[in-house]
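Undergrad: Attaching a single structure in structure tokens format; questions to follow.
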Amino acid sequence: MRMIETTRTRHRAARAWATCLALVAAAAAQAQPTAVTDGTRTDYQPSVIRTTQGELLLVFERLDAGNGDLLVTRSVDDGATWSAPSPVVSTSATERHPALLQLAPDAFALFYLKGSGSSNYRIHRATSSDGAAFAEQPALDLGWSTPGEINPHVIRHADGTLTMSYQRIQGGSYVAQSTDDGVTWDTLQTSIAASSQLPRIAYRESDGLYLASYQVGSSALQLFVETTTDVRDWSAPARAFTTGGNHHDSLPFVMPDGAFGLFWIAANGGQFDLRSRRSLDGVAWQRELVATATPAENDVEPHPLVGTSSTHVQLYWGRESPLGSQRYAIVRAAAVTVRDDVFTHGFD
């Protein structure tokens, strides 16, 4: 009897391992990217939405000798093909780090950093009725007497409130809110974390839980996360999301089943690859899933487009190819796995 049970156990383990390998292979196939831009420039930092009309709208930054401009492209076939990029905001100043929202069927808002020099930056807002022609407004007043606000990430709540995480060049991650579609913002200078960079934020409507992620360090960076139900109180201890290695570009989001997801990039030798993890509460996280593993290419700034699936997302990011060329294309994977059903209970 013991031999029979041992054999059965081995068979079950073999089947589970075969299923795991099949899922890994399927995930790798789903993550094979297609190009949104042609890769002849330095294009990255995509911000993508699905409009109420069913189109996909994507704004990204293009760098030329350090100067950044914002361009827009759209898809009417769910990302299979894209229009030729056209300028959204293109001036002698630098415009970078777009955050695109749709506020109504005929109302879009774009938030981004703008400025020149090493610290003369403010966050700006531009609006559009069609997602093509945008009109720029003056810099946002976030309560700071000197310039230095960068890297806005903006989300919209069900009641229309906008929540924005942003960074001060002088140091620290902050959050502000708007109740008039981003025209005005509170000036409370609410701190998420001191001595941190590139904060991004997510909000779960079902229980009012916020999740913020950010990076800390100078060369080899680590990622931290914090949760709160009071956007004005981030006093709970931060939790290390990564330990060791070099990790950047985190972006949290909420899935249709209510779980949090988080994409980021992890150094792998001389380049970066994409990773994701999933959590029910922002505290305990499932094991990481590998979205890309490309030694000859550099993958940065992953931005998911969440749909109706609780297991997969469309994923957009910047890919440098070949490695070291400084030529980045915006690329897209149609279905990247973010929930590993083989290890549904595998939380750390």
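The values are calculated or read from the model by the stated rules, or taken from the named source; none is laboratory data. For clarity, every value in this text was computed on a predicted model and none was experimentally measured. Surface areas here come from the heavy atoms of the whole protein model, side chains and all, with no ligands, DNA or RNA. Shrake-Rupley method; radii C 1.70, N 1.55, O 1.52, S 1.80 Å.
Undergrad: Residues of the chain: accessible area per residue at 1.4 Å, in Å²? Don't jump to the answer; show the numbers that get you there.
TA: Values: 15040 Å² over 348 residues.
Accessible area per residue: 43 Å².
Undergrad: Taking the Cα atoms of the range 77-145, report the difference between the largest and smallest coordinate on each principal axis, in whole Å and largest first.
TA: For the range 77-145, the Cα extents along the three principal axes come out at 45, 24, 17 Å.
Undergrad: Would you mind telling me which residue in ARG200, ARG239, ARG275 has the biggest mean-square fluctuation in a Gaussian network model of the chain, where springs connect alpha carbons within a distance under 10 angstrom?
TA: In this elastic network of the chain, the residue with the biggest mean-square fluctuation among ARG200, ARG239, ARG275 is ARG239.
Undergrad: In deg cm²/dmol, rounded to 500, what helix-only [θ] at 222 nm does the chain give when every DSSP H run of at least 4 residues adds -39500 (n - 2.57) and the total is split over its residues? Kindly include the intermediate steps, with their values, before the conclusion.
TA: Working: 1 runs with 29 residues, N = 348.
Helix contribution divided over all residues of the chain: -3000 deg cm²/dmol.
Undergrad: What are the radius of gyration and Dmax of the chain, computed over its Cα atoms and given in Å?
TA: 20.6, 79
Undergrad: For a quick check, take a GNM of the chain with Cα springs below 10 Å and name the residue from PRO152, PRO33, PRO46 with the largest mean-square fluctuation.
TA: Of the options given, PRO33 has the highest mean-square fluctuation.
Undergrad: In Å, what Rg and Dmax follow from the Cα atoms of the range 152-219?
TA: Reported Rg and Dmax, both Å: 12.3, 40.
Undergrad: Would you mind computing Rg(Cα) / (2.2 N^0.38 Å) for the range 33-89, counting N as its residues? Before the final figure, lay out the partial values.
TA: Details: Rg = 11.4 Å, N = 57, 2.2 N^0.38 = 10.2 Å.
Compared with the compact-globule rule of thumb, the range 33-89 sits at 1.12.
Undergrad: Return the carbon/sulfur percentage of the accessible area of the chain, one whole number, probe 1.4 Å, all protein chains in place. Don't jump to the answer; show the numbers that get you there.
TA: Numbers: 8090 of 15040 Å².
Here it works out to 54 percent.
Undergrad: Report, in degrees rounded to the nearest 10, the 0 to 90 angle that the Cα long axis of helix 2-30 makes with the longest principal axis of the chain.
TA: The answer is roughly 30 degrees.
Undergrad: What is the projected area of the convex hull of the Cα atoms of the range 267-348, averaged over all directions, in nm²? The partial results should precede the final answer.
TA: Numbers: hull surface 23.9 nm².
One quarter of the hull surface, i.e. the mean projection, equals 6.0 nm².
Undergrad: If one computes P(r) from the Cα atoms of the range 151-276, what percent of pairs lie at distances over 19 Å?
TA: Values: 3718 of 7875 pairs.
Tail of the P(r) past 19 Å holds 47 percent of the pairs.
Undergrad: Would you mind pulling out the separation of the Cα centroids of the range 139-174 and the range 238-311, in Å?
TA: Centre-to-centre (Cα) distance: 23 Å.
Undergrad: According to the square roots a ≥ b ≥ c of the eigenvalues of the Cα gyration tensor, what is the shape class of the range 211-289, taking rounded for a/c under 1.5, prolate for a/b larger than b/c otherwise, and oblate for the remainder? Intermediate results must be reported in sequence, preceding the final value.
TA: Working: a/c = 2.36, a/b = 1.38, b/c = 1.71.
The shape class here is oblate.
Undergrad: Assuming 1.002 mPa s and 20 °C, estimate D for the range 51-184 with Stokes-Einstein, Rh taken as the Kirkwood radius over Cα pairs, in µm²/s. Intermediate results must be reported in sequence, preceding the final value.
TA: Values: Rh = 15.3 Å.
In µm²/s, the coefficient rounds to 140.
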